[in-house]
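Undergrad: Can you read through this structure? Questions will come right after.
Every number in this text was worked out from the coordinates using simple rules, so none of it is lab data. What you see is a predicted model, and the numbers here were worked out from it, not measured in a lab. With ideal geometry, Cβ positions are generated from the backbone for all residues, glycine too; neighbour counts draw on all protein chains shown.
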Amino acid sequence: MATDEGLRYRAADLVDYATRLFAAAGCDGDKPATIATGLVEADLLGHTTHGLHLAASYLRELASGSMTPRGQPEVVADRGAAVTWDGRRLPGVWLTAKAVDLATERAATYGTATVVIRRSHHIACLAAFLQRCTDRGLMIIIASSDPAVAAVAPFGGRKAVLTPNPIAVGIPTDGDPILIDISASITTNGLSDRLRREGKRYPGLWALDAAGQPTDDPAVLFTDPRGTILPAGGTDHGHKGYGLALMIEALTQGLGGFGRAESPTDWGASVFVQVIDPAAFGGSEAFRRETGWTAAACRNNPPAPGVSAVRLPGERGLERKRQALVEGVALYPGILAALAPHAERLGVTPPSPIVTVSG
């Protein structure tokens, strides 16, 4: 069985491998390359539960017919600066990349543009899309939810209603961009499942069991009846994560006009993408001056006891990415092994490692 533990791979080789897998699985046009690039970008940034780890699940969805491999989204509404697509369950990574590109194009005319997608498939790592805009001096906001999944209870409750509901923001500065990728819940379904499979526990009381008692055991999310993930802020200040989750549900499912009220059952996403051109407001140079000042003030802040340095959101991920592009990508153990059956089925040769990591 193929294993990726202790090995490094060229990022370009991983993108090529995933591209060939998704092409062989029936995806048309630029979909294979766009999906592959987005997944590998997540691994480069260190989001290992939302990178190539998802490729095996996506390939299963394609094989079962639950993910649409070919075609374009349906335009539901288009007012220039506000666009709604029906994603037709096309690959979410590809749909979101296309939405970012369209919003970027429209923002040049309108100053800001928003694209909402309903009935998308899963969109993987939100942070992986941000530099498509920040590298061009644009600010971007992405949010997503899955109306077919309930894993998070509203604050004060014990029955799951919401998804972790991530939101990501890319902010250009006079140096590296600020890359924010957070969720309205304490943790994600992906990390919860990984910890459960590995027999590990949360580092804190991040969930409720079915009786509503706080616990550090991710297994409670997979029992019958199920427990729930807590909103960000936990049992103490979880009303903040709860409020953020409600906003994200409105931006994604509400604006898209499709969500929990329709009781969908397939794994997917409702997506909100907004691109903002600072040139249309106070000016690009002024924007970078202000964001750069704030970034420097945070970075230069005296660290608290036990903290080596104050970091900005995305700073560590960008450091990982630069290192991985030079030294190779060290994938989380098991990722290539999970892809091996699909590679054999589709007749695709896996990549060769470049460096064996010692110790």
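Undergrad: If all Cα-Cα distances of region 1-136 are sorted into 10 Å bins from 0 onward, what percent lands in each bin, rounded to whole numbers?
TA: Whole-percent P(r) values from 0 Å outward: 12, 41, 33, 12, 2, 0.
Undergrad: Moving to a separate point now. Which net charge results when you count Lys and Arg as +1 and Asp and Glu as -1 among the other residues whose beta-carbon is under 13 Å from that of Thr291?
TA: Working: positive: Arg288, Arg289, Arg299; negative: Asp174, Asp176, Glu285, Glu290.
Charge balance in the 13 Å sphere: -1.
Undergrad: Output the direction-averaged projected area (hull surface divided by four) of the convex hull of the alpha-carbon atoms of the chain, in nm².
TA: Details: hull surface 75.8 nm².
So the mean shadow area of the Cα hull is 19.0 nm².
Undergrad: Among all the lysines, which ones have a C-alpha under 27 Å from Lys159's C-alpha, if same-chain residues fewer than 8 places away are not counted?
TA: Reachable lysines: Lys200, Lys240.
Undergrad: Find the centroid of the Cα atoms in region 318-350 and in region 150-174, then give the distance between the two in whole Å.
TA: Taking the Cα centre of each part, region 318-350 and region 150-174 sit 28 Å apart.
Undergrad: Per Stokes-Einstein, at 4 °C and 1.567 mPa s, what whole-number D in µm² s⁻¹ belongs to region 147-214, with the Kirkwood radius over Cα pairs as the hydrodynamic radius? Spell out each step's value before the answer.
TA: Working: Rh = 13.9 Å.
This corresponds to a translational diffusion coefficient of 93 µm²/s.
Undergrad: Compute the normalised compactness of region 234-307: alpha-carbon radius of gyration over 2.2 N^0.38 Å, N being the residue count.
TA: Taking the Cα Rg and dividing by 2.2 N^0.38 Å, one obtains 1.70.
Undergrad: With point charges of +1 on the Cβ of Lys and Arg and -1 on the Cβ of Asp and Glu, referenced to the Cα centre of region 115-257, which listed residue (Leu205, His121, Val152) lies farthest in the positive direction of the dipole?
TA: Ranked along the dipole, the leading option is His121.
Undergrad: Work the Kirkwood hydrodynamic radius out for region 147-272: mean of 1/r over every pair of different alpha-carbon atoms, inverted, in Å.
TA: Working: mean 1/r = 0.0661 Å⁻¹.
Averaging 1/r across every pair of different Cα atoms and inverting gives 15.1 Å.
Undergrad: Add +1 for every Lys or Arg and -1 for every Asp or Glu among the other residues with Cβ under 14 Å from the Cβ of Leu126, and state the total.
TA: Numbers: positive: Arg132; negative: Glu41, Asp146, Asp181.
Taking every Cβ under 14 Å from that of Leu126, the sum is -2.
Undergrad: Another one. Just to confirm the filter: which GluC sites (Glu not before Pro) across region 1-95 are DSSP coil and have at most 16 other Cβ within 10 angstrom of their Cβ? Walk me through the numbers on the way to the answer.
TA: On the way: sites: Glu5, Glu41, Glu61, Glu74; in loops: Glu5.
Answer in residue order: Glu5.
Undergrad: Considering the options Val329, Pro302, Ala261, tell which one lies farthest towards the positive end of the dipole of region 244-359, charges being +1 on Lys and Arg and -1 on Asp and Glu at the Cβ, about the Cα centre.
TA: Pro302
Undergrad: About its Cα centre, what dipole magnitude does the chain give when the only charges are +1 on Lys and Arg Cβ and -1 on Asp and Glu Cβ, stated in debye to the nearest 20?
TA: My answer is approximately 220 debye.
Undergrad: In addition: Using the alpha carbon gyration tensor of region 90-199, what are the three equivalent-ellipsoid semi-axes (square root of 5 times each eigenvalue), largest first, in whole Å? Intermediate values should be presented prior to the final figure.
TA: Values: eigenvalues 162, 52, 35 Å².
So the three semi-axes of region 90-199 are 28, 16, 13 Å.
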